[in-house]
Every structure is written in C-alpha cells, then in structure tokens.
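Asks: Structure below; questions to follow.
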C-alpha cells in the first residue's frame, strides 16, 4: 500500500483460497497485459481468457508468458471447453492445455447439453491433471435451475474433484444467480450458502452493484468472478470500504476509540455553538 490507513478490514493474501478476484480477459494485447499486471497484480488471483478468445488471440504464448511472470494463473474459457466436447475432442483439449502449460481448466455445460453424470466423469478425469473450476448455471435466461438442484450439483462436483465452483452469471450479469434485470436471486444464494462453504464458490459478478451485494453479504473476502480488468482496483476498494458504496460497511473502531470519536464530535458541536 502507498500509505497507512487504520481500521480497514483484513484481506487475505495471495495465493489465497478466499477473497479471490477472477478477471475476465476478453482480448487484451500483450502490452495491455503488461500494464495491467504492473498496476494490479497484487489483486488478480486468476485470469480467464473469455469463451473462445484464446483461439483467435494473436501472440497468445507471449501473452501467457506475461501473466506467468507475474505469477497469475490463466485458463481458457468454458465455451472453448464446450466447443471441444461438442466435437468429441476432449483428449485434444487436454493436449492443448498441456501444450500451453495451462494448469487450470473450466468444466461447464452452460450452452451445450451435457448430462450431470458425464460432467462428473469429465471432472474426475481432468482433475487428475488440472485444477478444475466447474461452472454451474445456464447461459439461457429462461433455464431456471431450482435451488435444491444447485446445491446437489455443487456438492457432487466438489466431491468429484473440482477446486472451486463458479456460479454462472455471464459477462452481462443477467443469468444464473441473477435475474434478467441484473438483480441477485437472493433466495438462491441463501440456500446455497446455507449448505455449501462460501469459500468453495466463485460468484460471477460483473456489475458494480452485484459486487457490492456479495461483499456486503459475505464480507471482504468473498470470491468474485468475471471482473473486468478496468474494475479490478475499483473492486478492491469496495472490499476495503474505500468507496462510498461500502464505506460504512467495514469501518470499525473498538469501544475506546468510539467513545473518543463521539467525545470529539460533541466537542466540535459545542465549539460551533
């Protein structure tokens, strides 16, 4: 930190299991990634090269090298995984990850049809070689999964070998754990969090208001996903109560300090009179 400020919430440090910020890279250039890592590397826990952008990214190896030099793991988006599975090329996909030294992999079925059992089998197989983030939730806003099924799928996929479960929201933040207008499905979140440790979950929350909701709900060290590169530092200020949206959520003083604060305020009022 550039300077000291008292009474901030405690943040976990990298490498961390909770309080993670998962960033969505939609096609940054090598030079943009260099600048991005220079300014934000302390707050970036993992980067997803969104959907199938890695296939059309120029200088992909150079770009991955920049992230690697900054000790930031990268993985390819779930849609690319689904594109390979759709073509019955799972082996080729795993070879692709090995070729680029990608250690994390997303297993999802947000667009293609993939039975729950087949998804479990893939997680079991791939988790022997990669750190798996499995995504739950449909990209179709009309496909509503009931809370009990969310919990059941999360538990099964964690048992199968997933490291973290990503709760779907898409880049727009209008599906999965959100309603089409971007509002949080709070009842669903309550049901999930009541039965699954929150540190095992990554909530995709691309919109600021959604990030605020999760931070207020679960605290500074909630895992957030699909954060835009330009929003990494703003999101960190939300976590620390250094933005108006959360300024009073994490500001705390002990009783002695509070008594002194009240006394100072009263003295100030007296002097004004």
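The values are calculated or read from the model by the stated rules, or taken from the named source; none is laboratory data. As the structure is a prediction and not an experimental result, all values here were calculated from the model. A quick note on method: Cβ atoms are made from the backbone with ideal geometry, for glycine too, and the neighbour counts reach across all protein chains shown.
Asks: Just the residues that are under 14 Å from residue 171 (Cα atoms) and either in a loop (DSSP other than H, G, I, E, B) or without any contact (Cβ under 8 Å) to a residue 24 or more places away in the chain (or both), please, taken from the range 186-226.
Replies: Across the range 186-226, the qualifying residues are 205, 206, 207.
Asks: A follow-up question, please. Which condition breaks for residue 19 when tested against (1) touching a helix residue (DSSP H, G or I) at 6+ places or on another chain (Cβ under 9 Å); (2) in a loop (DSSP other than H, G, I, E, B); (3) surrounded by fewer than 19 Cβ atoms within 10 Å (Cβ to Cβ)?
Replies: (3)
Asks: Among the numbered conditions (1) within 23 Å of residue 12 (Cα to Cα); (2) in contact with a strand residue (DSSP E or B) (Cβ under 6 Å, 6 or more places away or on another chain), tell me where residue 177 comes up short.
Replies: Single failed check for residue 177: (1).
Asks: Of all the residues that make up the range 76-113, how many are outside any helix (DSSP H, G or I), under 23 Å from residue 156 (Cβ atoms) and out of contact with any helix residue (DSSP H, G or I) (no Cβ under 8 Å at 6 or more places or on another chain)?
Replies: Our first condition is that a residue be outside any helix (DSSP H, G or I); within the range 76-113, this holds for 76-77, 87-89, 100-113.
Next cut, under 23 Å from residue 156 (Cβ atoms) only: 77, 104-113.
Checking the rest, the ones that are also out of contact with any helix residue (DSSP H, G or I) (no Cβ under 8 Å at 6 or more places or on another chain) come to 104, 113.
Going through the range 76-113 one residue at a time, the tally reaches 2.
Asks: Residue 54: buried (at least 21 other Cβ atoms within 10 Å of the Cβ), outside any helix (DSSP H, G or I), modelled with pLDDT of 95 or more and in contact with a helix residue (DSSP H, G or I) (Cβ under 9 Å, 6 or more places away or on another chain), yes or no? Spell out the reasoning first.
Replies: Values: buried (at least 21 other Cβ atoms within 10 Å of the Cβ): yes; outside any helix (DSSP H, G or I): no; modelled with pLDDT of 95 or more: yes; in contact with a helix residue (DSSP H, G or I) (Cβ under 9 Å, 6 or more places away or on another chain): yes.
For residue 54, the condition - buried (at least 21 other Cβ atoms within 10 Å of the Cβ), outside any helix (DSSP H, G or I), modelled with pLDDT of 95 or more and in contact with a helix residue (DSSP H, G or I) (Cβ under 9 Å, 6 or more places away or on another chain) - is not met.
Asks: Another question, then. Kindly check whether there is at least one residue in the range 38-48 that is modelled with pLDDT of 95 or more, farther than 25 Å from residue 240 by Cβ and part of a helix (DSSP H, G or I).
Replies: So in the range 38-48, the residues modelled with pLDDT of 95 or more come out as 38-48.
If we keep only those that are farther than 25 Å from residue 240 by Cβ as well, we get none.
So far as the range 38-48 goes, no, none of its residues is modelled with pLDDT of 95 or more, farther than 25 Å from residue 240 by Cβ and part of a helix (DSSP H, G or I).
Asks: Related question: Say we look at the range 130-181 and pick out the residues that are assigned to a loop (DSSP other than H, G, I, E, B) and touching a helix residue (DSSP H, G or I) at 6+ places or on another chain (Cβ under 7 Å); which of these is surrounded by the most Cβ atoms within 10 Å (Cβ to Cβ)? Outline the logic, then answer.
Replies: Initially, the range 130-181 is screened for residues assigned to a loop (DSSP other than H, G, I, E, B), giving 130, 137-146, 161, 168-177, 179-181.
Filter once more, keeping what is touching a helix residue (DSSP H, G or I) at 6+ places or on another chain (Cβ under 7 Å): 130, 161, 173, 177.
Details: 130: 20, 161: 18, 173: 22, 177: 24.
Here the residue is 177.
Asks: Identify all residues within the range 182-197 that are under 27 Å from residue 127 (Cα atoms) and crowded, with 19+ Cβ neighbours inside 10 Å; write none if there are none.
Replies: Selection gives 189, 192.
Asks: Out of curiosity, is residue 110 modelled with pLDDT under 95, surrounded by 15 or more Cβ atoms within 10 Å (Cβ to Cβ), closer than 21 Å to residue 200 by Cα and touching a strand residue (DSSP E or B) at 6+ places or on another chain (Cβ under 7 Å)? Before the answer, list the steps.
Replies: Values: modelled with pLDDT under 95: yes; surrounded by 15 or more Cβ atoms within 10 Å (Cβ to Cβ): yes; closer than 21 Å to residue 200 by Cα: yes; touching a strand residue (DSSP E or B) at 6+ places or on another chain (Cβ under 7 Å): yes.
Taking the combined requirement at face value, the residue satisfies it.
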